[in-house]
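Below: one structure, written as structure tokens.
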Amino acid sequence: MRKSLLAITLCLAATSALAAGEHGGSHATAPDAEVDRTIQVEAGDMWFDPETLGITAGETVRFKVVNTGNLKHEFVIGDAAAQEAHREMMQAMGDSGHGDGHDGHGGHDMAEGAHGGEMPAVTIAPGDTAELVWTAPADVESLVYACNIPGHSESGMVGEIQLGK
Amino acid sequence: MARSSVITQPLSRRRLLKGGAALGIGSAAALGLRPAWADPWGQTNVYAKGVEEGPEVALAIRRESLEIDGQAARPYTINGESPGPMIRLKEGQDAVLRVTNLLDEPTSIHWHGLILPPDQDGVPGVSFAGIAPGETFTYRFPVRQNGTYWYHSHSGLQEQLGHAGPLIIDAAEREPFRYDREHVLLLTDWTFEDPMAVFRNLKTAEGYYNFQERTIGDFFADVREKGFAATAEMRGMWAKMRMSSRDIADVTGSTYTYLLNGHSPEENWTALFKAGERIRLRVINGSAMSYFDVRIPGLKMTVVAADGQPVQPVPVDEFRIGVAETYDVLVAPEDDTAYTIFAESMDRSGYARATLAPREGMAAEIPERRRIADRGMEAMGAHGMDHSSMSDSDMEGMDHSNMSGDDREGMDHSEMDHGGSMARESAKTRGNGMLAAGEAQPGSRYDQAGIGIDPNARRTLVYRDLKAFTPWPDRREPGRELELHLTGNMERYMWSFDGKTFSEVTGPIHFEKDERLRLILVNDTMMEHPIHLHGMWMELENGQGELIPRKHTLNIKPGERVSALITADAEGSWAFHCHLLYHMDAGMFRVVKVA
């Protein structure tokens, strides 16, 4: 179930719509020709390395997200408001099974973005690597990447993407 | 505001004369000389009473005149401050802490929550002889942990009068959270009375400080709500136990002024921030007797550590902090405005307050205090028991009114027929009949914050939320179970374990060196008790399996049954007690001997 969700997410995320990833694998999710560059991001407990990214508008980037922490993490790209909405949703889902906020959040990868679309997202188990191919939009100056599992972005798993022309 | 300007000028003659080393970065920031804006690792701090940086620290203990809440008082001071300065150590250091007693009575300092050799633990009569007047005792121990802790006197009732302070240990490795700035928030309960007089009042007139008894007006309100028979029956039950359903706390705001970093709500101590920063608040309950419910209206708090130990982050609106517990929370105010840090006493008789603000002199609205709660029937020895089926004969077992003066069993309910409450067995029982490590005991209420908290009003931290990042090193199942009952005789103000006060027991509790055991604490009383074990961690079996959190102090709610796993690796004698100061003094204290 999770694998298929992830694959769907990646499809939506990749502009080429050719993406098909496998959870935890390091298979290519888009033909190399379509990707301008690959950015490696480390997801630890509770941080991303690097903490800021500079990406050119229109650039297609393959994110290789390595989870070196002990907990499951996600890597979601969106504007700050959409990220906040996603966090609130996940917190509400977690609270329905009181105190189990870290496990009760199936299907959240399809987070609603601010402009009606879905935010590109991957979820990465501890020790795994996941890939996400994404093309930077031209109409915004900056975006946020975050892990919205309850408490994670609040603890520091949040970074800024500066979108240069 | 005139008042708050007084407290933001800490560079007084007193400080220069007596606390030279206490001229920390915090005081400079408060003066506006050098804004202590954070470095990337958030190593700045602001604490109102100065900082003593380790590894070598000298502390002088005095009793002197000092204003508290604008009134003349004679607290115990540490380097001229009350409560004392923050001690800052680093993981991996060898700490050398010289404590000089300038009192005319013996004193001591206990390093609460630190794992250290038994002769450095600072409990007179257990770890050492105490520090005599005029004497200097040098504590030496390797610092092998990090996080938010505190220190306090373990002599008599000195702790009640400000003989305490924060103890912060910086981590050797990266912590599982990031922040830009930190503040220490030390909660205490100050009384202008002599603590011995407070204790006498408690002994001679139970409920002395309890002005919130149910009244005839409440009676008619209850009759309207519940009908006459139910109301009369309820009152009768409480009367039989010689208790009031409003005994939430023994000592209340009628004598206490609740302080935050030594400042009263009116003085409004201010913690500075810049909008957009992530701030770590290190909250310490250094009170003698008071539990607090802490919230910052308008801000979500993310709990990242409990009792100095990192936990998986839990975003909450409010948390209850028992006496001697510590919680680290992160907040991220995005607006350039003031927020009230509101710490309401559990019995609702008062509050401590400070302000989180971008500039000095700001204030935000103070929330309305909640009404005092009634102890529900769950408090009546609810070891997972269904009260609706409680018969009159069950209640007879709880009738304390006919106990004789020589009845050493006190309120020990262990003889009570629990009517099959233990039948609710968990599926995770092992072959020997014991629960698997990490499982919650029947009778625990880890998903409840406790009395006076409406779980629907806001998201409140509960013990069930606390979850470690990785399992603690000792993964063994417990080899045995040790069950202790928390007992008391409210009327005579006697508090004890298993019905015996400390003066009545003949020897220590034995832990076998290196054994793994399960300590089960059953609260037979009607009050919360924060139980503290010195020298070893208690891994709270809150149902999180191998990710159970470890703590130095466990809050046991009335009627609750709580368990913890202990690795008895610390040879020697250790104190084990209720951290409500007057309960400890009244006899709720034991020595644990690991041999």
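All other residues whose Cβ lies under 12 angstrom from that of B:Val126 are scored, Lys and Arg at +1 and Asp and Glu at -1, for a net of 0. With 40 Å² as the minimum drop in accessible area between chain alone and full protein complex (1.4 Å probe), the qualifying residues in segment A:122-165 are A:Glu154, A:Ser155. Taking all protein chains as shown and a probe of 1.4 angstrom, B:Phe502 keeps an accessible surface of around 90 Å².
In whole angstrom, how far apart do the alpha carbon centroids of segment B:445-490 and segment B:295-326 sit? Rounded to whole Å, the Cα centres lie 14 Å apart. Measuring between alpha carbons in the structure, the pairs from B:Lys90/B:Lys274; A:Lys64/B:Lys467; A:Lys64/B:Lys300; B:Lys49/B:Lys551; B:Lys90/B:Lys593; A:Lys72/B:Lys467 lying more than 21 angstrom apart are B:Lys90/B:Lys274; A:Lys64/B:Lys467; A:Lys64/B:Lys300; B:Lys49/B:Lys551; B:Lys90/B:Lys593.
Using a probe of 1.4 Å on the protein chains alone, the accessible area found for A:His73 is around 0 Å².
Go through B:Ser65, B:Ser153, B:Ser444 and list them by solvent-accessible area, largest first, probe radius 1.4 Å.
Listed by decreasing accessible area, they come as B:Ser65, B:Ser444, B:Ser153.
The residues neighbouring A:Val65, those whose beta-carbon lies less than 10 Å from its own, together hold a net charge of -3 under the Lys/Arg +1, Asp/Glu -1 convention. A probe of 1.4 angstrom, applied to the heavy atoms of all protein chains, finds B:Arg140 with accessible area near 140 square angstrom.
Burial of accessible area (probe 1.4 Å, heavy atoms of protein chains only) in segment A:42-60, relative to its chain alone, reaches at least 10 Å² for A:Asp45, A:Met46, A:Trp47, A:Glu51.
Name the residues of segment B:310-335 whose accessible area, probed at 1.4 Å, falls by at least 30 Å² once all protein chains are in place instead of their chain on its own? Correct list: B:Gln312, B:Pro313, B:Pro315. The A and B chains share an interface that buries close to 1800 Å² of accessible area, total over both sides, probe 1.4 Å.
The values are calculated or read from the model by the stated rules, or taken from the named source; none is laboratory data. Nothing here was measured: the structure is a model prediction, and the numbers come from that model. Every residue, glycine among them, receives a Cβ derived from its backbone with ideal geometry; neighbour counts consider all protein chains shown. Just so you know, the surface numbers come from the protein's heavy atoms only, side chains and all, with ligands and any DNA or RNA stripped out. Shrake-Rupley method; radii C 1.70, N 1.55, O 1.52, S 1.80 Å.
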